[in-house]
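A short worksheet on the structure shown next.
The values are calculated or read from the model by the stated rules, or taken from the named source; none is laboratory data. It should be emphasised that the depicted structure is a prediction, and the values quoted were computed from it without experimental measurement. Methodologically, a virtual Cβ is constructed for each residue, glycine included, from the backbone with ideal geometry; neighbour enumeration extends over all protein chains shown.
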Amino acid sequence: MTKISILGCGWLGLPLAKALLGKGSSVNGSTTSVEKLSVLENAGINPFLIALSERKVDGNIADFLKKSEILIVDVPPKLRGPEKENFVSKIRNVIPFIEKSNINNVIFISSTSVYGDTHTVVSEETTPHPDTESGKQLLETEQLLQSNKNFKTTVLRFGGLIGKDRHPIKFLAGRENLDNPDAPINLIHQEDCIGIILKIIENNSWDEIFNAVTSSHPSRERYYTQKAINLNLPLPKFNHSTPSIGKTILSTKIESILNYTFTKQNL
C-alpha cells in the first residue's frame with residue numbers, strides 16, 4: 001500500500017485524496033480549518049491541522065509526513081489582500097521536514113502563470129518569464145524544490161481550473177469591456193487534474209515538468225459567450241479596441257510521456 005501525504009486538502013486536494021483512497025493508497029491530508037478535520041476523517045483520510053507561514057510551520061508536520069513515500073503540495077500562493085505572505089518562504093520551511101522523512105517524490109501543483117502574458121505557443125521547453133507576483137513566486141518555488149537532491153519533484157503547471165462547482169463564466173457574466181476577446185482559453189477540468197496526478201504516480205514520472213490544459217483553445221469571447229448562453233446567464237461584453245494578447249499552452253508531454261487522454265475536452 002502506497003502512503004501519500006497531501007498538503008492542502010481543498011478544492012482539488014480533497015477529491016484527489018478520495019481518488020487515491022479508491023486506488024488503495026493510504027492518505028494523510030492537511031487542512032488549516034479545525035471544522036474540516038472531521039470532513040477528512042469521515043472520508044477515510046488521516047487528518048492533520050497544519051498551517052504554513054513565512055516564519056514556521058504550525059502543526060505536527062513530522063507525523064503528517066511520517067512513513068509517506070509521496071508528498072503532493074497543493075497550497076495556493078494567496079498573495080493578495082492584507083494578509084499576504086511570501087509563498088517561497090512558506091514552502092522553504094517545509095523542506096527540512098521533507099528531508100527528514102521517508103518522502104522520495106514530490107508533486108508540486110503550479111500554474112501556467114509562470115510563462116507570463118505572452119502571445120505565443122508555449123510548451124515545457126519555453127523559458128518562463130512570469131509577469132505577476134504569483135507567477136514569480138511559483139517559479140521560484142518550483143526551482144527550489146527541483147534543485148533539492150534529497151527527493152525528486154515533478155511540477156504540474158495547471159491552466160485555469162474548472163469543475164461542476166467552479167467556472168469563470170460565473171465571474172464574467174454580464175461584465176463589460178473585458179480584455180483580450182481573441183485570446184485563446186487554457187482551461188482544465190478538475191477530473192483531468194486528478195487523472196493526471198494519478199497517472200504520474202502510476203507511471204513513476206518523477207523529476208518532470210508538465211503543462212496541463214486541454215487541447216481545445218477557442219477564443220475567450222466565443223467560449224464565454226457560449227457558456228453564458230448555455231447557463232442562461234447575462235452575456236459578457238468584450239473590448240475590441242485594443243489587440244488581444246494571450247498564449248496557447250501545449251500539453252503534449254502529458255499525452256506522450258504519461259500516455260494520458262483527457263476525459264473533459266469539451267469544457
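Below is a table of values for the structure above.
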quantity: Every residue from region 148-198 that is in contact with an Asp or Glu (Cβ under 7 Å, 6 or more places away or on another chain) and closer than 12 Å to LEU12 by Cβ; calculated: none
quantity: Helices (runs of 4 or more DSSP H) wholly inside region 1-90 containing at least 2 residues that are closer than 16 Å to LEU198 by Cβ, of a type outside the set (Gly, Ala, Ser) and out of contact with any strand residue (DSSP E or B) (no Cβ under 8 Å at 6 or more places or on another chain); calculated: 13-22
quantity: All positions within region 141-167 that are under 16 Å from the mean Cα position of the chain (by Cα) and in a loop (DSSP other than H, G, I, E, B); calculated: GLY159, HIS167
quantity: Unique match (being touching a Phe, Trp or Tyr at 6+ places or on another chain (Cβ under 8 Å), modelled with pLDDT of 95 or more and either under 15 Å from GLY13 (Cα atoms) or in a loop (DSSP other than H, G, I, E, B) (or both)) among ILE103, ILE98; calculated: ILE103
quantity: Yes/no for ASP63 being over 25 Å from GLN137 (Cα atoms) and either of a type outside the set (Gly, Ala, Ser) or surrounded by 13 or more Cβ atoms within 10 Å (Cβ to Cβ) (or both); calculated: yes
quantity: Selected residue (criterion: surrounded by the fewest Cβ atoms within 10 Å (Cβ to Cβ)) from residues of region 193-245 that are of a type in the set (Val, Ile, Thr) and part of a loop (DSSP other than H, G, I, E, B); calculated: THR242
quantity: Subset of region 74-128 (residues that are closer than 28 Å to ALA51 by Cα and polar (S, T, N, Q)); calculated: ASN86, SER89, ASN93, SER101, ASN102, ASN104, ASN105, SER110, SER111, THR112, SER113
quantity: Identity of the residue in region 104-121, β-branched (Val, Ile, Thr) and buried (at least 22 other Cβ atoms within 10 Å of the Cβ), that ends up farthest from LYS78 (Cα to Cα); calculated: VAL106
quantity: Given (1) closer than 21 Å to LEU12 by Cβ; (2) surrounded by fewer than 22 Cβ atoms within 10 Å (Cβ to Cβ); (3) of a type in the set (Ser, Thr, Tyr), index of the condition SER53 fails; calculated: (1)
